[in-house]
Amino acid sequence: MPITESDIEKIAKLAHLEITDEERRALTPQIASIVAYVEQLNELDTSQVEPATGGFTPEGERTRAGRDDVRHRSLGQAAALDQAPDPSHGYFRVPKVL
Amino acid sequence: MKENWEAVIGLEIHAQLSTETKIFCGCATSFGDEPNANTCPVCLGLPGALPVLNNHVVDLGARAALSLALHINEESVFSRKNYFYPDLPKGYQISQFDRPFSERGVLEVMTATRDEAGHVREWRPMTVRITRMHLEEDAGKNVHEGLPDTDRYSYVDLNRAGTPLAEIVTEPDFRSSWEAYDYVNHVRRALQWVGASDADMEKGNLRCEANVSVRRKSEEQFGTKVELKNLNSVRFMQRAIEYEIDRQIKLIESGGRVTQETRLWDDRAGETRVMRSKEEAHDYRYFPEPDLQPLVVTPEFIESVRAAMPELPEARRRRFMQDYELSYNDAAQLTSEIALANYYELTAKAASNPRGASNWIRSELLRELEAADVAVADSPVKPEELGALVRIIDEGGISGKQGKEVLIEMFATGKTAAAIVEERGLAQVSDTGEIEGVIAEVLAANPPQVAQYRAGKEGLFGFFVGQVMKASKGKANPKLVNELLKKKLSES
């Protein structure tokens, strides 16, 4: 499926990104080439393969992962906000939404 | 609603499942902690962090599904729902899409026709089709007020991010706001009953959204639907739907068209307002969550959950009406929560008087509990003790009026009914010989009144009753006093 400039515009809008016309023109062939690369997978015949999600063991068995409802130690406020660009009053502060 | 119009309503309920920890990490789900304290790399969406499913979510999800008559899929798949918002740190919500945890429920719900003021006229059963109930994680919370510079900034608290939710979606099966109201209350009670959710709307652990459209009764096609949000209580939801039905009918009748949009209910203003139009509709680009295995539950697991479920509230209400000869309203009140239903049955058994137990619980005990703000499960008066009190009254040991005082003291002190009756010397004298003796004394002490009574002044009867009761210090069984006095006074 060829990627067009209107696809790029839609993706940008969904991601709340404002891009210039120039950026849109530049991004379109770049993203198109990435998609084309991944699309090579479609050449494989998967009609005999069960769809799968999650991890597998070397023997091809599904991994079984679940946890009991037991608390672990959380990071706490200070550590949680340590890498945030603009923490304030214990919160992540962001440009106004709503 | 206007004569020739019909409303079509569908509901979505998000209920928080009652776990200790989040759905994909071990952070606490507790409410009211300092912002962002209950977070870790998984729920903060840090790179490389991997989700691991909380097994208890599956257990509670199964209980919720079975309590709503849903079919549980032996295999369901988690999917990523992609959108960008500050309360969603990963840029996607882990939810379920094309293969939900459970689906196709057909639920019988009692609903009432009501008068203009909302008072119940008559209850009737209605069938609601539940499309699906899937499992997902909650987002965090954006704070827009109460902090500095909220005209320029929003604040994000991720304590709630990753809290387990069950999303319950119905078909458009409701035709009035009250049907929707009765359904939400039914779901709330069912989820609380089986211990799947606290379902407390004030704490935000049950949230609803309504899709509302209207059409002329002659039309087959649905009208354009409007999504209602910010419905913070069941009553708000009912009012918002009512307002919206009215708004849409007026709009169409005056030649306008309903636009597909999301509207918020403003209870103070009593109206709904546009939040966003559907032109900006989201494209969520769902795809299967590659970091999680499909959720597999065995038929044995489903059966074990089913076997461990308590008798469901509607079944229990019907049984109370049948076995204990209670009215619909009384049985419905006693099955409003499981702790109360359990309390009632134990009391009825101890009292050997199901209707008496019902009356004493509904008119006396519940008032005391409410005044003291105590849950029925923590009642200082145990059901066996309340049953014993009812039995003492039934056997004529004390009067009903005394019983009320005894119950208040039982409630305050935790003493048994028998101990209080004994201590306060309340036990009624029901010994015929003893009462006859007192009557004889009273009559002997008041010859003029006796003569007047016998001469036809029957109004004096109350005087004699009073004298006898006084002489017995209030302990004589009033019914017996009446009987024996009549007999004595008519002898001459």
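The values are calculated or read from the model by the stated rules, or taken from the named source; none is laboratory data. On a predicted model such as this, the values are computed, not experimentally measured, just so you know. All Cβ positions, glycine included, derive from the backbone under ideal geometry; neighbour counts span all protein chains shown.
The figures follow:
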read-out	value
Members of segment B:444-492 that are closer than 23 Å to B:V421 by Cβ and β-branched (V, I, T)	B:V465, B:V468, B:V481
Residue match in segment B:403-422 (condition: charged (D, E, K, R), in a helix (DSSP H, G or I), modelled with pLDDT under 85 and surrounded by fewer than 12 Cβ atoms within 10 Å (Cβ to Cβ))	no
Residue in segment B:176-197 that is part of a strand (DSSP E or B) and more than 14 Å from chain A (Cβ to nearest Cβ) present	no
Boolean, A:T20 is of a type outside the set (A, V, I, L, M, F, W, C), without any contact (Cβ under 8 Å) to a residue 12 or more places away in the chain and surrounded by 13 or more Cβ atoms within 10 Å (Cβ to Cβ)	no
Condition broken by A:A84, with the remaining ones in (1) within 7 Å of chain B (Cβ to nearest Cβ); (2) surrounded by 15 or more Cβ atoms within 10 Å (Cβ to Cβ) satisfied	(1)
Per-region count, segment B:134-159, residues surrounded by 18 or more Cβ atoms within 10 Å (Cβ to Cβ), more than 9 Å from every other protein chain (Cβ to nearest Cβ) and free of Cβ contacts under 8 Å to residues at least 40 places away in the same chain	0
Residue among B:V42, B:V57 that is in contact with a strand residue (DSSP E or B) (Cβ under 8 Å, 6 or more places away or on another chain) and of a type in the set (A, V, I, L, M)	B:V57
All helices (runs of 4 or more DSSP H) inside chain A with 3 or more residues being hydroxyl-bearing (S, T, Y)	A:21-39
Residues of segment B:386-399 classified as in a helix (DSSP H, G or I) and surrounded by fewer than 20 Cβ atoms within 10 Å (Cβ to Cβ), total	3
When residues of segment B:330-348 are limited to those that are of a type in the set (S, T, N, Q) and outside any helix (DSSP H, G or I), the one modelled with the highest pLDDT	B:T335
Verdict on B:E108 being touching a residue at least 24 places away in the same chain (Cβ under 8 Å) and either closer than 19 Å to B:A65 by Cα or in the same structural domain as B:V42 (by TED's automatic domain parsing) (or both)	yes
Residue within segment B:29-43 that is closer than 30 Å to B:E303 by Cα and assigned by TED's automatic domain parsing to the domain that holds B:Y286 present	yes
Some residue of segment B:119-137 being outside any strand (DSSP E or B), in the same structural domain as B:A15 (by TED's automatic domain parsing) and not charged (D, E, K, R)	yes
Any chance B:Q248 is surrounded by 16 or more Cβ atoms within 10 Å (Cβ to Cβ), closer than 23 Å to B:N4 by Cβ and in contact with a Phe, Trp or Tyr (Cβ under 8 Å, 6 or more places away or on another chain)	no
Residue in segment B:48-55 that is touching a residue at least 24 places away in the same chain (Cβ under 8 Å) and within 28 Å of B:R188 (Cβ to Cβ) present	yes
Wholly enclosed strands (runs of 3 or more DSSP E) of segment B:1-98 bearing at least 3 residues at the interface with chain A (Cβ under 10 Å from one of its Cβ atoms)	B:78-82
Leading residue by the ranking (nearest to B:E74 (Cα to Cα)) among those in segment B:295-323 that are among the basic types (K, R) and loosely packed, with under 14 Cβ neighbours inside 10 Å	B:R306
